Amino acid sequence: MVKAVVDAVDIDPKTGTTLGYYTFGEERPNVLILAAMNGRSATDIYASYLIMKHLEGLERIDGSVTFLPVASPLAFRLGAKVSPLDSKDLDTVFPGSEYGTVTERTAWEIWRRASQADYIIDLRTGWQNCTSHLVAMHRDYIHVRNLASQIGLPYVVQSTGMRGALTTEAAHEGIPAVSVEMRGDTDQVDSQAAAEVREAILNLLRTKDMIAGEKIEASNTLMGRLQQVNVDTEGFFVPTINLGESVKNGDVLGHVQDKNQIMTPFDGAVISLSRTNYVFEGDMIARIAAPLGDQWTSVAGEQEDSMPKRRKW
């Protein structure tokens, strides 16, 4: 049985900001898996828990896997995206500062470990219903593309490459790093999505000969950046397509009842899609990953984590 070595690092004990690392194995390569950069959902934490439970039952690991299940403890406890102490989003301040605010010191401590890792996997939960997918700078760096191609999730979406994000800074430093985004709601865990991600990560570890077991050849599609589809009216939105479907400009994504159909102005794959819900003018109801060869759109229109606009009046 493989036993985890636990290391607790106090960033700010007065507010309960303590990072708990769990490391299985001692050798290289080292894979760093972290979750809960914010407090939107616990599905990504549950996925890391499932992976750890599997590793605990193994006889040996050739290499090591380090987990940080909750990267932003206070934000997670409060269900917030930013820390209430300094109003900073952890995944925008890497590599952080040893003498900065609590969030900057947290980023600095995580970066100390991340910069020594051979591979980095950031688990996160999308706030909108989505198909589990990878977000990575695969067009920019071959070492990132190689890692992404070994994780068996259907789509690899091009990251916007915003500076300050952990995976962006790691990629620039030559470390293969990807984000895995999965379904989940603020008030419940999507166990199916967590299990799907667990299997994809365990298969990666088998592919790299770190753990025993049958290797399954990974297959995914490289895509361009995400493009948002917003509604121009108010009412009950009802989707009429499924996640993961390919669409063309003008295809119907759904309709606002008693009003009009909502069509996509983009070609690509439906990565996320609103469930049946009441929407206001300007709300985002879908994200479409552009085909790889398409012209990139501006970064301002492609924020992977941007919240929908809600124009009620």
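Scaled against the 2.2 N^0.38 Å expected of a compact globular protein of N residues, the Cα radius of gyration of the range 223-301 reads 1.04. Treat the range 122-280 as a sphere of radius equal to its Kirkwood radius over Cα pairs and apply Stokes-Einstein at 4 °C in a medium of 1.567 mPa s; give the translational diffusion coefficient in µm²/s, rounded to a whole number. D, rounded to a whole number, is 76 µm²/s. Computed over the chain, the per-residue total of -39500 (n - 2.57) for DSSP H runs of n ≥ 4 gives a 222 nm mean residue ellipticity of -6000 deg cm²/dmol, rounded to 500. Taking other Cβ atoms within 10 Å as a rough exposure proxy, ILE262, ILE110 sort from fewest to most as ILE262, ILE110. Scattering from the chain was approximated by placing one identical point on each alpha carbon and applying the Debye formula without solvent; log10 I(q)/I(0) at 0.09 1/Å stands at -0.45.
Mind putting a number on the dipole of the chain about its Cα centre? Charges go on the C-beta only, +1 for Lys and Arg and -1 for Asp and Glu, and I need it in Debye to the nearest 20. My answer is approximately 280 debye. As a calculated quantity, the FRET efficiency between ASP232 and ASP185 at R0 = 25 Å, using C-beta atoms, amounts to about 0.45.
The share of alpha-carbon pairs in the range 117-181 lying farther apart than 20 Å comes to 17%. Here the Kirkwood formula, the inverse mean of 1/r across different C-alpha pairs, assigns the range 23-95 a hydrodynamic radius of 13.3 Å. DSSP beta bridges confined to the range 1-155 are antiparallel in about 55 percent of cases.
Amide H neighbours of SER132 under 5 Å, counting only residues 5+ apart in sequence or on other chains, H built in-plane at 1.01 Å? Here ARG183 satisfy the definition.
Compared with the direct C-alpha span, the chain from ASP10 to GLU214 gains 69.5 nm at full extension, assuming 0.36 nm per residue. Using only side-chain charges placed at the Cβ, +1 for Lys and Arg and -1 for Asp and Glu, the dipole size of the range 123-243 relative to its Cα centre rounds to 400 debye. Each DSSP beta bridge with both residues in the chain is either parallel or antiparallel, and the antiparallel ones are about 65%. Considering only MET137, TYR49, VAL279, the residue lying farthest towards the positive end of the dipole of the chain is VAL279, judged by Cα position with unit charges set on Cβ.
Full extension of the segment from PHE280 to ASP86, taken as 0.36 nm per residue of separation minus the current Cα-Cα distance, would add 66.8 nm. Taking the inverse of the mean 1/r over every pair of distinct Cα atoms in the range 1-132 gives a Kirkwood hydrodynamic radius of 15.1 Å.
Each of ILE51, ILE175 has some number of other Cβ atoms within 10 Å of its Cβ, and from fewest to most they run ILE175, ILE51.
Here, each number is a calculation from the coordinates, and none is a lab measurement. Given the structure is predicted, the values throughout are model-derived calculations rather than measurements. Here Cβ is always computed from backbone atoms with ideal geometry, including for glycine, and neighbour counts include all displayed protein chains.
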